[in-house]
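**Student:** What follows is a single structure, and I will ask about it in a moment.
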Amino acid sequence: MNANQYGTLYQSLLRAVERYPQRSAYAVPPDAQRAYHPDGWEISWQQTLDAVEEKKQIYQNAGYGIGHRVAILFAQRPEFFFHYYALNALGVGVVPVNPDYLRDEIHYVLEHSEASLIVGIASRDQDLLAVERLLGGACHYIPFDDFPHSLPPPARAAIAGKPDAETEAALLYTSGTTGRPKGCILTNEYFHTFGECYLNLGGRLSMADGVERLFNPLPLHHANCLSISVPAMLMSGGCLIFPDRFHASTWWRDVVAARATVVQFQGVIPNILLKIPPCEEERQHQIRFALCAGVEPSQHGVFEQRFGFPVVEMWAMTETGRMISDNHEPRAIDTRAFGRSNQWVEAQVFDEQGNALPPDMPGELVIRHSAATPRKGFFSGYLKNAEATESAWQGGWFHTGDAVVMDEKGRLYFLDRKKNIIRRAGENIAAAEIEACLTAHERVKQVAVLAAPDEIREEEVFACIVARETAQLADPEWQANLSQELFNWCDERMAYFKAPGWILFVDSLPLGTSAKVQKIHIFPPGVDPRMQPGVIDLRHLKKQKKALSK
């Protein structure tokens, strides 16, 4: 069965129920501090379907169908899946909304996606009602926690027909390098391709039908969980376990109590777990492997030896619908190797002119399904941005923007992140979006945002700012006050994690012949920007904002 033959995600749900009706489908570990299901929660495939059918009828009665989108701000509530599959059954595209987004960001997503409805949690009522008013009734707000038995109808009628593999299942927003996030159109085939790839890569990633319990602490509105973990467990009848977020202090207790057989996370998490004092649970687990993107090579072997299971490196993007993984022995865990081409993806390394490079020459990673069907199973494109879509697809290859090198045996090694993207604790942050926000402040003349290393979060937002006022530039108190003002400015307009963690006031920024800031020339090669004289550390403010957002 290939990904196209699976049909819709709802049809895969029906198959899971037929095969494993009483097996667990979704679980949430206990957490007394959590606002929902503090004692934990677990539900079978049959119970999931029953709840889905109830929601499906409500949406169907209101007239929702193919051509419509419904946004959901659910903040990890497991009941999200009742809406997700119900809407999928009707051919409605689901738009998951980052719960850390502020009004302006939510407004952009709803307006850009043309969602007819947003279903949101009670704690965001005021923001969502305000956005509803801004949109002038184009998108209605409905409470997630007290979902009604009838809904306002969409403004336009649904498109006739039945949903299939090519129907849009979700619209995920991903940070690009040009400012506002881009909406990735993802079909049923895309999700099934990701799931099929994960389930069948084999080697260290071998999984059995109907028995796996996959623990993923990453947010469900991100591709790592929604595009990879969710379809894999759906297609194999396994159980997806997810907390509200990653909690280092309870990690081992939770994975042991949840009987997890597989875990999935980002490279920042091994770094954190290695710093926790040893505990009994860290060796009492049933974990057979972890799937991870970006584990630090110096920590890779140390982690595996201490905790007793392999961490399998992988590479993927929201747009790709499949992954590459270093899943066969011998793995190169002392390097940044992430695997080779496989039956789902052909990978190559190109120079700037689009020519294939020989082994051991660094260049850009480009991928495709095959020469005959290069885009099969990938995202369908960026919503309302055909130019960006075609720019990513050049010469029949998807250009990832990631710098890699390939050895003589075809193994790929990661060299550097995509230009202008900051990777902070699993969040992809577009430097251009923060630059646009800061530049709008009346006291800012020019700004360049960079990624600075962070021992806990992998990378942090570092802003180099040229102020309009120069007379007091050398005054530390003046700098501290303006830094606080600029932090508050960003915090009022963007999710807390996007605000600058570091600010450095400079006299000027290096410009190229086209008058664009040359970020590569701001600091000499190998220089840590955090160590520059006059740098102001604002990370404690971000930590406070994160605590308040819980």
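The values are calculated or read from the model by the stated rules, or taken from the named source; none is laboratory data. Predicted model, so just to flag it, every value in this text is computed and none were measured. Neighbour counts are summed over all protein chains in view; Cβ atoms, including those assigned to glycine, are modelled from backbone coordinates with ideal geometry. Keep in mind that these areas ignore ligands, DNA and RNA; they rest on the heavy atoms of the full protein, side chains included. Shrake-Rupley method; radii C 1.70, N 1.55, O 1.52, S 1.80 Å.
**Student:** Non-local amide H neighbours of residue 95 (under 5 Å, H modeled in plane, Pro and chain starts lacking H): which ones?
**Tutor:** Close amide H contacts, sequence-distant or interchain: 70, 71, 72, 171.
**Student:** Ignoring ligands and nucleic acids, what accessible area does residue 235 show with a 1.4 Å probe (Å², nearest 10)?
**Tutor:** About 20 Å², ignoring ligands and nucleic acids.
**Student:** For 26, 413, give the ranking by accessible area with the largest first, probe 1.4 Å. List each step's numbers first, then the result.
**Tutor:** Numbers: 26 5, 413 45 Å².
Final ranking, largest accessible area leading: 413, 26.
**Student:** Moving to a separate point now. Identify which of the listed values of Cα extents along the principal axes in Å was calculated from the structure shown: [x] 80, 79, 57; [y] 90, 54, 44; [z] 71, 58, 53.
**Tutor:** [z]
**Student:** Let me ask something else. Indicate the gyration tensor shape class of the range 1-116 (rounded, prolate or oblate), computed on the Cα atoms with a ≥ b ≥ c the square roots of the eigenvalues: a/c under 1.5 is rounded; otherwise a/b larger than b/c is prolate and the rest oblate. Before the final figure, lay out the partial values.
**Tutor:** Values: a/c = 1.99, a/b = 1.09, b/c = 1.82.
Verdict is oblate for the range 1-116.
**Student:** Going by the alpha-carbon gyration tensor, a ≥ b ≥ c the square roots of its eigenvalues, is the range 209-308 rounded (a/c under 1.5) or, if a/c is not under 1.5, prolate (a/b greater than b/c) versus oblate?
**Tutor:** prolate
**Student:** Before rounding to the nearest 500, sum -39500 (n - 2.57) across all DSSP H runs of length at least 4 in the chain and divide by the residue total; then give [θ] at 222 nm in deg cm²/dmol.
**Tutor:** Working: 14 runs with 149 residues, N = 550.
The helix-only estimate for the chain comes to -8000 deg cm²/dmol at 222 nm.
**Student:** Rank these residues by their accessible area, most exposed first, probe 1.4 Å: 87, 129, 218.
**Tutor:** So the residues, ranked largest to smallest area, are 129, 218, 87.
**Student:** Any idea of residue 390's accessible area? Nearest 10 Å², probe 1.4 Å.
**Tutor:** Spelled out: residue 390, probe radius 1.4 Å, area about 90 Å².
**Student:** Could you compute the FRET efficiency for residue 36 and residue 355, with r as their C-beta to C-beta distance and R0 at 45 Å, rounded to 0.05?
**Tutor:** With R0 = 45 Å, the Cβ-Cβ based efficiency is 0.25.
**Student:** Cross-link list 376/498; 162/376; 409/498; 384/498; 55/546; 182/376: which exceed 30 angstrom alpha carbon to alpha carbon?
**Tutor:** Details: 376/498 34 Å; 162/376 21 Å; 409/498 40 Å; 384/498 25 Å; 55/546 32 Å; 182/376 20 Å.
Among 376/498; 162/376; 409/498; 384/498; 55/546; 182/376, the Cα-Cα distance tops 30 Å for 376/498; 409/498; 55/546.
**Student:** For the range 447-452, just list the computed ³J(HN,Hα) in residue order, Karplus coefficients 6.51, -1.76 and 1.60, θ = phi - 60°, integers in Hz, with x standing in for Gly and Pro.
**Tutor:** Karplus-based 3J(HN,Hα) across the range 447-452 equals 8, 9, 9, 10, 9, 10 Hz.
**Student:** Whose amide H sits under 5 Å from the amide H of residue 66, counting only residues 5 or more places off or on another chain, with H placed in the peptide plane?
**Tutor:** Amide H neighbours of residue 66, under 5 Å, 5+ apart: 159.
**Student:** Among 194, 90, 80, flag the residue with its Cα farthest along the positive direction of the charge dipole of the chain, charges on Cβ as +1 for Lys/Arg and -1 for Asp/Glu.
**Tutor:** Result: 90.
**Student:** Roll a 1.4 Å probe over the protein chains and send me the accessible area per residue for the chain in Å².
**Tutor:** I get 41 Å² per residue for this part.
**Student:** Step through the residues of the range 212-225 one at a time and calculate ³J(HN,Hα) from phi using the Karplus curve (6.51 cos²θ - 1.76 cosθ + 1.60, θ = phi - 60°), rounding each to whole Hz and writing x for Gly and Pro.
**Tutor:** 6, 10, 9, 9, 10, x, 7, x, 5, 7, 9, 5, 3, 8
**Student:** When the Karplus curve 6.51 cos²θ - 1.76 cosθ + 1.60 is applied with θ = phi - 60°, which whole-Hz ³J(HN,Hα) does each residue of the range 538-546 get, with x for Gly and Pro?
**Tutor:** After applying 6.51 cos²θ - 1.76 cosθ + 1.60, I find 10, 5, 5, 5, 5, 4, 5, 5, 5 Hz.
**Student:** Moving to a separate point now. Using a 1.4 Å probe and counting only protein heavy atoms, arrange 247, 68 so the residue with the most accessible area comes first. Display every interim value, and only then the final one.
**Tutor:** Values: 247 45, 68 5 Å².
Greatest to least solvent exposure: 247, 68.
**Student:** Among 415, 349, 149, whose Cα sits farthest toward the positive end of the charge dipole of the chain (+1 at Cβ of Lys/Arg, -1 at Cβ of Asp/Glu, about the Cα centre)?
**Tutor:** Ranked along the dipole, the leading option is 149.
**Student:** Same structure again: Between residue 370 and residue 456, what is the label-to-label distance in nm when each label sits 7 Å out along the Cα-to-Cβ direction?
**Tutor:** 4.9 nm
**Student:** Next up: By its C-alpha gyration tensor, with a ≥ b ≥ c as the square roots of the eigenvalues, how is the range 151-283 shaped: rounded for a/c under 1.5, else prolate for a/b larger than b/c, else oblate?
**Tutor:** prolate
**Student:** Considering only protein heavy atoms and a 1.4 Å probe, what is the carbon-and-sulfur percentage of the accessible area of the range 164-258?
**Tutor:** Numbers: 1060 of 2230 Å².
Carbon and sulfur: 48 percent of the exposed surface of the range 164-258.
**Student:** Got a number for carbon plus sulfur as a percent of the range 395-550's accessible area, 1.4 Å probe?
**Tutor:** Working: 3930 of 7650 Å².
In the range 395-550, the share of accessible area belonging to carbon and sulfur is 51 percent.
**Student:** Now for a different question. Run the 1.4 Å probe and let me know the accessible area of residue 285, rounded to the nearest 10 Å².
**Tutor:** Here the accessible area works out near 30 Å².
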